[in-house]
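Everything on this sheet refers to the single structure shown next.
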Amino acid sequence: MASVPHLTYDRLWQDLSAVGHRVWSARPTLTFVVLLYAAYMVAAKVGEGFSIIPGTDITFWPPAGVMVGMLLVTPRAAWPWLLLTGALGEATANALWFGNPPSHTVLYILGNMLEVSAGALIYAKLAQTPDRVNTLRDSIAFVLSAMAAPIAGATVIASVDAFIAQKHDFAQAWALLWLGDTTGILSATPLVLVGERVWAARNDLSRLRVIEAVLVIIAALLVFIAAMYGWQQFAYSNLPLLAWLAIRTRFAGAAVAMALLTLTGTIIVSNGMGVFGQDENLLPVRVVFLQSYLGVSALVSLLVAVLAQQYEETLSRLKELNRSLEENVKQRSERLRETDERLQLALEAAESGTWAWDERAQRNSWDHRFMEAHGLLPEQPMTIDTWLSAIHPQDRQAVREQFEQFRMVSGAERWEREYRIQHPQSGEKWLLTLGKAERQNGGKLISLKGICLDITFRKTHEERLRMLMRESNHRKKNLLAVVMGIARHTVAYQPEDFLVRFQARIHSLAAGYDLLIGNAWRGADLRQLIELQLAHLTDLVGKRIFIEGPKIQVGASISQPLGMALHELATNASKYGALSNSDGEVRIHWELDPPAHPVEVTTFRLSWTESKGPPVVKPSRKGYGTAVTGNMIEMAVSGEVRIAYEPRGLIWSMSCPLSRLMEGDGMAPPPDFSH
């Protein structure tokens, strides 16, 4: 419990040290202090010029305005230094011009420093921009602070004069002090706040604007001087001039004008010139009038400058918004143009046209691509009948009925229709129209907009696919029949090595298929087909196997049975014929016999001749090999096959019309292995 006070004192010391450090770090430069002191003294001298009322030193006090302005434009940590400088200026002014005793001077300093601190704090709390007067809110906050702050100073100083010095009545002294300090703040603080801005904005004013401001200030000074010399009825004629100046030059011109008016009034009052050198009984009233006049003029100038500044800033913001809006419109227009260009490019690339139907106007519209796709002419009217007339007669009625139904059905939103047209240049074409409807809340059609696509290629491709599917089914059925025939006859004639022989024959069939698929079922080169079936004997080609003949393309329907026949011939030659020993040879030769008469056709001849092999013996029965190399080939090529079992070697040959060898992309019918 005993340690609590110790902790409290330590914390207090730490807080005071931190505050002291911030204040010391924020100390102003010596130049700043000297300038502030000089400004305070000049303002005090101006105030002293108004203290000519017999028996009183209460006066118009511009130093309060100088101090409030300086406090507002500096950080709060530096305020103690500014208040000390102001106190020094206050003490100097009392010593030089007012002759108050030191004890009274200390109290005067306390009251004035309390006043300026309160004014700065109140304005900083209420204003939107605490270091300047820019808006209407700022001007109202400034007027309120200028009226509220002097309450503290007037109370302290009036109490000293009334109860300690016993020089004046408290109520009378308080009213004069409050009026003098309020006028001083209203007159001097704006000049301090805009001083920097006046200098910064000096290049923003044109030469004509500067000349205009000088002439208006001169006119205002002349009116002011005339009022000071007896024409008081013209005194407030200055307000339109000050308002004009505030409108044209904002705070800069208004602050300069008020400073010059205050300085001129100080000179006139302090030297007893004009009405201030006349009846002394009226002197207090005239001084109070002058103070009130300066306060009202400063207030009017301030308010007009604020309103003009707000108007200019609002106008500037509107211009910026307008410029930004124009830029946005320009950018969006550019983006729309680019989007339209991309759309047109996409429509051109897709060969798409656009169309629209306006239900209320009962009118069609379309672009040139739509018109070209339908084979319409530019002079033809854009009507439903014109559009329908371009559609193929077999599709026209169905399209008409669908369109009429679409117009009547309230829930329909998407339009889609395929139809044929008979184009004048391109013949029959397929078109696809797609669209989206715009309807009222009740579902009634307002408009229908869409695109038109040429789908002739797609339709042709679909038909081609359907044909290929039918052909594929046919091929698969035939292939299965071939495989089943191979299996049946292989197991019937050579059951002991069925698997080996069956696999070899299936590989031969598959090799032919691979060759055809690689050539997209457009047939196969005869030499390539032969070499493929002799792939397992490649090392003998050119040595014991000789292939001779011109380049010939064999049709797809012939390639498969011919490949299977060559495979059987090669297999038999390897097992029983010329290739079963080390000396035998096989010569594969083909040639073309031109027709003897124009009405005849070219004949293709192919021979397989074996020699130097073991003696040939004619088989006692016909099996799979005989069927494949015999009647299956004859049926496939509509030709003739001869097999001679010569003692020196087997001779197999075939002949057929060349056109039959090269024709067809279908598959040959399944072979008949029954013979």
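The alpha-carbon of Lys319 sits under 24 angstrom from the alpha-carbons of these lysines, leaving out residues fewer than 8 places away in its chain: Lys330. Across the stretch 90-179, the relative contact order, built from alpha-carbon pairs under 8 Å that are at least six residues apart, equals 25 percent.
Counting heavy atoms of the protein chains only and a 1.4 Å probe, report the per residue accessible area for the stretch 20-161 as a whole number of Å². Walk me through the numbers before you get to the answer.
Details: 5910 Å² over 142 residues.
Solvent-accessible surface per residue comes out at 42 Å².
Within straight-line reach of Lys459, meaning a Cα separation under 20 Å, sit the following lysines at least 8 residues removed in sequence or on another chain: Lys429. Here the accessible area is traced with a 1.4 Å probe on the protein chains. For the stretch 71-162, carbon and sulfur cover 74 percent of it.
Largest first, how would Phe403, Phe170 line up by accessible area (1.4 Å probe)? Walk me through the intermediate numbers first.
Numbers: Phe403 10, Phe170 70 Å².
Of Phe403, Phe170, the descending order of accessible area is Phe170, Phe403.
Overall, the ratio between the Cα radius of gyration of the stretch 516-666 and 2.2 N^0.38 Å, rounded to two decimals, is 1.04. Within the assembled protein chains, the solvent-accessible surface assigned to Arg458 is about 90 Å², based on a 1.4 Å probe.
Sorting Phe406, Phe234, Phe546 by solvent-accessible area of protein heavy atoms yields Phe234, Phe546, Phe406, largest first, with a 1.4 Å probe. Within the full protein context, the accessible area of Glu462 is estimated at about 60 Å² for a probe radius of 1.4 Å. Here the contact order of the stretch 19-141, divided by its residue count and restricted to Cα pairs under 8 Å and six or more residues apart, works out to 25 percent. Kirkwood radius for the stretch 105-175, taken over all pairs of different Cα atoms as the inverse mean of 1/r, rounds to 12.9 Å. Each peptide in 654-662, 563-571 receives the mean, over its residues, of other Cβ atoms within 10 Å, and ordering these scores from highest gives 563-571, 654-662.
Between Lys449 and Asp340, the distance separating the two model label sites (each 7 Å from Cα on the Cα→Cβ line) works out to 1.2 nm.
Bridging of Lys45 to lysines at a Cα separation below 26 Å is possible for Lys167, once same-chain residues fewer than 8 apart are set aside. Annotation for the stretch 569-665: chymotrypsin sites (Phe, Trp or Tyr not before Pro) lying in DSSP loop with at most 16 further Cβ atoms inside 10 Å of their Cβ are Tyr576.
Tell me the carbon and sulfur percent of the accessible area for the stretch 361-463, rounded to whole percent, probe radius 1.4 Å. The nonpolar share, carbon plus sulfur, comes to 51 percent.
Put Val106, Val269 in order of accessible area, largest first, 1.4 Å probe: what do you get?
Details: Val106 95, Val269 0 Å².
Descending accessible area places them as Val106, Val269.
The values are calculated or read from the model by the stated rules, or taken from the named source; none is laboratory data. All values derive from a computational prediction rather than experimental measurement. As a convention, Cβ positions derive from the backbone with ideal geometry for all residues, glycine included, and neighbour counts pool all protein chains shown. Ligands, DNA and RNA are stripped out before the accessible areas are found, and what is left, the full protein with its side chains, is counted by its heavy atoms. Shrake-Rupley method; radii C 1.70, N 1.55, O 1.52, S 1.80 Å.
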